[in-house]
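What follows is calculated from the coordinates using simple rules that are stated; it is not laboratory data. Since this is a predicted model, take the numbers as computed values, not measurements. Using ideal geometry, Cβ is built from the backbone for each residue, glycine included, and neighbour counts are taken over all protein chains shown.
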Amino acid sequence: MMKVKGYLIIILMLFINIWLFAESEGGITLPILNYIPGARAMGLGTAYTALADDVTSLYWNPAGLAGLIRQELSGLYEKLYGDSSFMFFGYSLPVWNIGTFAAGIVNLTTDNIFAISEYKEELGVYSDNQFMFILSYGTPFNRIKNFKKPYLNFLDVGASLKLVKHSIENYSAFGIAFDIGIKYLAPKSVKFLENFTFGLLLQNILPPSHKLVEREWFPLKLKFGVNYKLFYNTLLLNFDISQIFFRNTSPEINFGLEYIAMRMFKFRVGYKTGISAGLGMSIQDFNFDYALNFNYNLGMTHQFSASYKFGGPLKK
């Protein structure tokens, strides 16, 4: 009985810690929903809603998948603070005249968590595992039946279904989240908007929930982003603003800048809750990215990611 009470207290304490972490990150219940899959996005301070143009779009803005014309694999591994690690793997498949499908897995693990009862007795060591599977689709809006209008030629839409599982020792919880996004590339005929791309993402619209000790709802979140290209698309300026609904939080504003040299090297700097920077290199069909993020409370983290593009769209 004492051992059971001890584990309940540990879980409650862990749940409170997650909630506190969530409040500092804008109200997200599970930390995995707020981690960064992609060193490019991290280097840009996560100002990626309008720029999203690779397989990681399934997380940042599924509408970005609509512009993909080749299959893509992407993966990363990040060593976090203490005994925590973060992993992402994604795959995208464009289908001719239909759109692009994508799937990804995200995993956040913390090992060697010491369990102590209310009597300060050691109860052992356990692990915290958070897993998310994402299934996404993106397409130009004018491909949708009965919506073939000229003014919609520059609009892309997308959606993501996220299945989340959280496990601590013998306890586990499961939740479902659903996101929708749009991207709009301003036509060249509108001179004052030329080279602008706009992105909009609405997260957790089911609304989803998970239950570990008691049921918690993931908050509804709206993100708006702007991307502006200069100097023949060699300098990219990015801006994001996001807001949590129904919670007492302030809007979050992110900035990012990317400079492309010789079509091969990429230099990035950004700001979220701290300064970030990154490098990228493209070699034929391979892309390699590195990002450094400085958090005022936790220090520095590093992230490496790689991607490979191959083939073309699948023909019907």
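In this model, which of LYS162/LYS223; LYS223/LYS309; LYS79/LYS162; LYS221/LYS266 are farther than 19 Å apart at the alpha-carbon?
Working: LYS162/LYS223 17 Å; LYS223/LYS309 28 Å; LYS79/LYS162 23 Å; LYS221/LYS266 30 Å.
Result: LYS223/LYS309; LYS79/LYS162; LYS221/LYS266 exceed 19 Å.
Under the classification rounded if a/c is under 1.5, otherwise prolate if a/b is larger than b/c and oblate if not, where does the stretch 240-309 fall, given a ≥ b ≥ c as square roots of the Cα gyration tensor eigenvalues?
Prolate, since a/c reaches 1.5 and a/b exceeds b/c.
Going by amide H atoms built from the backbone, whose H comes under 5 Å of the H on ILE275, apart from near neighbours?
Result for ILE275 returns PHE294.
Give the residue list of chymotrypsin sites (Phe, Trp or Tyr not before Pro) in the stretch 133-195 that are DSSP loop and have at most 14 other beta-carbon atoms within 10 angstrom.
Those satisfying the criteria are PHE147.
What residues qualify as long-range amide H neighbours of ASP83, i.e. H under 5 Å apart, gap of 5 or more or another chain, H built at 1.01 Å from N?
ASP111
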